[in-house]
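The values are calculated or read from the model by the stated rules, or taken from the named source; none is laboratory data. Everything quoted here is computed from the prediction, not taken from an experiment. In this analysis, Cβ positions are derived from the backbone assuming ideal geometry, glycine residues included, and neighbour counts consider all displayed protein chains. SASA here: full protein model, heavy atoms, side chains in, ligands and nucleic acids out. Shrake-Rupley method; radii C 1.70, N 1.55, O 1.52, S 1.80 Å.
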Amino acid sequence: MPMLLLKLALVAFVVLGASLVSRRFGHGVAGTLSGMPMIAGPIMGFVLMQSSAEHGRDIALATLVAFPAMVAHMVVFARASGRIGWPGSLVAANLAFLTLGALLIWLHLPAWAAGLLAVVSPLAGMRLMPAHRHERTALTIPRIELALRVAAAMALAAALIFSASAFPAAVSGLLLALPITGNVLPCFTLSRHGPDATIELLRGFVQGMFGFVTFFVVLVVMLPVLGTLQSYVLAWLAALLLAQVAYAIHARPAQAAGEPSSVL
């Protein structure tokens, strides 16, 4: 129950925070924030407080195994957004996630291979993102939509958590890795702001995922060496640094085109 309440609270916080950030800095920054381990990171901290470093490393490694499927989810949604609307994009993205995720679990990759595949996934994701028109207009998100975003995200999170117990461990782990904010925010963005804004949001997601994968790679590598507290702090520092670097690198083309920059 504490873990359930923690996850639901984090989901609500991230969805609301990303939505408010998008009104000030745009879809790309909101996506980058959402792609960071803003939900998984605090949950990992909670887990590490209650378990051994070895158990924490196992969980971090399992997360890395499913990570390429998360990136595939973002890419497929972005590519489908201009063709089949948000319902079709949602179905296509989740089918891609479940198919690739199931394949990765079935392969039983060694730790080094799973880690390497996870590290290169955001690079591949950025290359596979479709081109789009950058817009920096002020965004308007009504309060009722903010409430609906939070409610939809919390309902999805609760459904995944409760349904996971009815499946085998491998399937349950895959369901719990399903990107919640990556399902909710693009649907609302596509219906209100269109495909270009949705692609910008999802491109930001993948940029933030550089920080996500860094966080879990550091945990896998350093937990046996430094222990829980030092590894957790180092993982956050590395994740924030890598996400900032990735955002700065991929923001250069937009700035060169004369668009105003924004601070993450």
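Laid out as a table, the results:
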quantity	calculated
Dipole magnitude (debye, nearest 20) for segment 1-153, charges at Cβ of Lys, Arg, Asp, Glu	540
Rough spin-label spacing in nm, given labels placed 7 Å along Cα→Cβ, for residue 245 and residue 233	2.1
Gain on full stretching of the segment that runs from residue 191 to residue 144 - 0.36 nm per residue minus C-alpha separation	15.4 nm
Which of 109, 75, 162, positive extreme of dipole for segment 19-163 (C-beta unit charges)	75
Residue 51/residue 162 FRET efficiency (R0 22 Å; Cβ-Cβ; nearest 0.05)	0.50
Segment 1-64 - Rg and Dmax from Cα coordinates, angstrom	13.9, 41
Ordering of 202-211, 27-36 by packing [mean C-beta count within 10 Å, highest first]	202-211, 27-36
List 106, 236, 86, ordered by accessible area with a 1.4 Å probe, largest first	106, 86, 236
For segment 1-159: rounded, prolate or oblate by the Cα gyration tensor [a/c cutoff 1.5]	oblate
Amide H within-cut-off set for residue 36, under 5 Å, with H built and near neighbours excluded	none
By accessible area with a 1.4 Å probe, ligands and nucleic acids excluded, highest first: order of 189, 140, 63	140, 63, 189
Added length on full extension, which subtracts the Cα-Cα distance from 0.36 nm per residue, residue 16 to residue 131	38.7 nm
